[in-house]
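Right, one structure below, let's go through it.
We did not get these values from a lab; they are worked out from the coordinates using the rules stated. The structure presented is a predicted model; accordingly, all values stated were derived computationally and were not measured. So basically every Cβ, Gly included, is an ideal-geometry build from the backbone, and we count neighbours across all protein chains shown.
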Amino acid sequence: MDPSWSETGDRYLLKLFRDYLFHQVAESGAPWVDLAHIVACLNKLEAGSSEKVCLVSRDEQSVLVVSYRDLKNCFDGAFSEILSASLT
């Protein structure tokens with residue numbers, strides 16, 4: 001698999017969304033896993049909600065506001081691409 005696969009376009013949004021889901025931190029800076037947050041976000045993603053989410057790059061220099069519907073379209077496209085690559 002191409003190592004730059006997650007660094008461009010729609011895939012970059014999915015990477016930022018993954019960070020938003022699983023890389024939360026407490027006020028003290030310690031890692032924080034909030035299962036309610038994860039489940040709620042995944043439910044909104046699956047439903048393709050029009051609700052917006054604010055995604056921040058790892059270097060905190062970029063902020064992207066995107067709907068769960070847009071993220072779902074990105075996810076479906078990336079999954080289709082992986083599936084078609086595995087069949088060839």
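Rounded to the nearest whole Hz, the Karplus-based 3J(HN,Hα) values (6.51 cos²θ - 1.76 cosθ + 1.60, θ = phi - 60°) of the stretch 60-73 follow the sequence 6, 9, 10, 10, 10, 9, 9, 7, 4, 4, 5, 5, 5, 4, with x at glycine and proline.
Around GLN24, which amide H atoms from residues at least 5 apart in sequence, or from another chain, sit under 5 Å from its own amide H, with H modelled in the peptide plane? Correct list: TRP32.
Listed values for the stretch 38-55 are Karplus-derived 3J(HN,Hα) couplings in whole Hz (6.51 cos²θ - 1.76 cosθ + 1.60, θ = phi - 60°), namely 4, 5, 4, 5, 5, 5, 5, 5, 4, 6, x, 4, 7, 4, 9, 10, 9, 10, and x replaces Gly and Pro.
For SER67, the residues whose amide H sits under 5 Å from its own are VAL53, ignoring neighbours fewer than 5 places away on the same chain, with H placed 1.01 Å from N. Paramagnetic label reach from GLU81 (point 7 Å along Cα→Cβ; backbone nitrogen cut-off under 16 Å): within the stretch 11-31, residues 11-18. Pair-distance distribution P(r) for the chain, from all Cα-Cα distances in 10 Å bins starting at 0: 15, 45, 31, 8, 1 percent.
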